[in-house]
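**Student:** One structure is given below, represented as structure tokens, and several questions about it will come after.
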Amino acid sequence: MRAIIDFHTHLFPEKVAARAVAGMYEYCKIPYRTEGDLVHLGQAMAREGVALSVNMPVCTNPAKVRSCNGFAAKVAATARFASFGCLHPAMKGWREELRQFRSWGLIGLKIHNDYQEFFFDSQICQDMIEAAYEEGLMVLVHAGADPVSPGVTRCTPQMIAKAMPLLRQGTFIAAHLGGHLLLDDAMKYVIGSEVYIDSSMAAMYYSDIRCRQAILAHDPDRVLFGSDSPWDDQAAAAQIIHRMRLGDALEKKVLWGNAARLLQQAGVTLPRREDAASA
């Protein structure tokens, strides 16, 4: 079995997880594959051969940022998990919150412009990215469209390209192949650039051939595997990567090597690859 690191998952506290994922289904009509909590994702990882999952929290209420990051810190302290943290543009003192991330074990900042209702090319978003880099943190953004804001895309591939002088100064990850539901634009403005991309959700909306074209056109050291669990099944998403016939060397980089390098640089202890592959 291939060793796998899933760089894009979502987790919720156990007491609200079922309500959260069910609510998302009612709104977006995307079926969920696990209940969205640590226990159930951990069980799925054991079944599906996933060595480590990275949590990407999103907070839609500035008053709840601290509690979201508190839960993220709990995830980060759990074996075989790592976690980014979150901010909110309407939060007072967000810089002070960000300065605590490393002490809480958080390795990056997740930004979701649509859920948090601010544009990627706004000054505050650029300030958050710059401040995260100053703290030695990675940044991952939901790139492209989202059902939560039909008709309005607050982080387009064009915006990412325009911000490239800033983004290349640190580790920046444009999720969903650089532009969810906007792959043509992503191919033009993001694919082949100096940022990382992840594979999350892409195969649910595009053919294997199109996803393969995008991955092969990008820097092979800057492609990460992501499932977007609980919205997709980790094993099925990884099998799609295998089905694309990227070649053994690139497949290993996507499923393990590139993520392992970033996580080790961030101080995360990884399970041994041999142990992960045999889990």
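The values are calculated or read from the model by the stated rules, or taken from the named source; none is laboratory data. Keep in mind the model is a prediction, meaning the values are calculated, not measured. Positions of Cβ are backbone-derived with ideal geometry, glycine not excepted, and every protein chain shown enters the neighbour counts.
**Student:** Taking segment 128-168, which residues are closer than 21 Å to Thr60 by Cβ and charged (D, E, K, R)?
**Tutor:** Selection gives Asp146, Arg154.
**Student:** Can you confirm whether Val152 is modelled with pLDDT of 95 or more, β-branched (Val, Ile, Thr) and in a loop (DSSP other than H, G, I, E, B)? Walk me through how you get there before you give the answer.
**Tutor:** Numbers: modelled with pLDDT of 95 or more: yes; β-branched (Val, Ile, Thr): yes; in a loop (DSSP other than H, G, I, E, B): yes.
Against the criterion (modelled with pLDDT of 95 or more, β-branched (Val, Ile, Thr) and in a loop (DSSP other than H, G, I, E, B)), Val152 qualifies.
**Student:** Identify, please: which residue in segment 44-56 is in a helix (DSSP H, G or I) and either in contact with a Ser or Thr (Cβ under 7 Å, 6 or more places away or on another chain) or modelled with pLDDT of 95 or more (or both) and is, among those, surrounded by the most Cβ atoms within 10 Å (Cβ to Cβ)? Walk me through it before giving the result.
**Tutor:** Kept after step one, since they are in a helix (DSSP H, G or I), are these residues of segment 44-56: 44-48.
Add one more test, that the residue is either in contact with a Ser or Thr (Cβ under 7 Å, 6 or more places away or on another chain) or modelled with pLDDT of 95 or more (or both), and what stays is 44-45.
Values: Ala44: 22, Met45: 24.
Filtering first and then ranking leaves Met45.
**Student:** Filter segment 183-193 down to the residues that are under 17 Å from the mean Cα position of the chain (by Cα) and not in a helix (DSSP H, G or I), then identify the one that is surrounded by the fewest Cβ atoms within 10 Å (Cβ to Cβ).
**Tutor:** Among them, the one singled out is Ile191.
**Student:** Look through Ser227, Ser200 and report the one residue that is in a loop (DSSP other than H, G, I, E, B), closer than 27 Å to Ala131 by Cβ and either without any contact (Cβ under 8 Å) to a residue 12 or more places away in the chain or not β-branched (Val, Ile, Thr) (or both).
**Tutor:** Working: Ser227 fails: closer than 27 Å to Ala131 by Cβ.
Exactly one of Ser227, Ser200 is in a loop (DSSP other than H, G, I, E, B), closer than 27 Å to Ala131 by Cβ and either without any contact (Cβ under 8 Å) to a residue 12 or more places away in the chain or not β-branched (Val, Ile, Thr) (or both), namely Ser200.
**Student:** Outside any helix (DSSP H, G or I) and either in contact with a Ser or Thr (Cβ under 6 Å, 6 or more places away or on another chain) or crowded, with 24+ Cβ neighbours inside 10 Å (or both): is that true of Leu41 in this structure? Don't jump to the end; show me each part of the working.
**Tutor:** Values: outside any helix (DSSP H, G or I): no; either in contact with a Ser or Thr (Cβ under 6 Å, 6 or more places away or on another chain) or crowded, with 24+ Cβ neighbours inside 10 Å (or both): yes.
No: the conditions fail for Leu41.
**Student:** While we're on this one: Of the numbered conditions (1) touching a residue at least 24 places away in the same chain (Cβ under 8 Å); (2) surrounded by fewer than 21 Cβ atoms within 10 Å (Cβ to Cβ), Pro165 fails exactly one; give the number of that condition.
**Tutor:** Against the list (1) touching a residue at least 24 places away in the same chain (Cβ under 8 Å); (2) surrounded by fewer than 21 Cβ atoms within 10 Å (Cβ to Cβ), Pro165 comes up short only on (1).
**Student:** Which of the residues spanning segment 225-253 are closer than 14 Å to Ala51 by Cα, within 18 Å of the chain's Cα centre (by Cα) and not aromatic (Phe, Trp, Tyr)? Break it down into steps so the answer makes sense when it comes.
**Tutor:** Taking segment 225-253 as the starting set, the residues that turn out to be closer than 14 Å to Ala51 by Cα are 225-227, 234-235, 238, 252.
Cutting the leftovers down to within 18 Å of the chain's Cα centre (by Cα) gives us 225-227, 234-235, 238.
Listed by number, the residues that qualify are Gly226, Ser227, Gln234, Ala235, Ala238.
**Student:** Spot the failing condition for Gly36; the list is (1) modelled with pLDDT of 95 or more; (2) not in a helix (DSSP H, G or I), and only one is missed.
**Tutor:** Against the list (1) modelled with pLDDT of 95 or more; (2) not in a helix (DSSP H, G or I), Gly36 comes up short only on (1).
**Student:** Now for a different question. Assess whether Ala202 counts as being surrounded by 15 or more Cβ atoms within 10 Å (Cβ to Cβ), at pLDDT below 95 and among the small types (Gly, Ala, Ser). Quick ask: steps written out before the conclusion?
**Tutor:** Working: surrounded by 15 or more Cβ atoms within 10 Å (Cβ to Cβ): yes; at pLDDT below 95: yes; among the small types (Gly, Ala, Ser): yes.
For Ala202, the condition - surrounded by 15 or more Cβ atoms within 10 Å (Cβ to Cβ), at pLDDT below 95 and among the small types (Gly, Ala, Ser) - is met.
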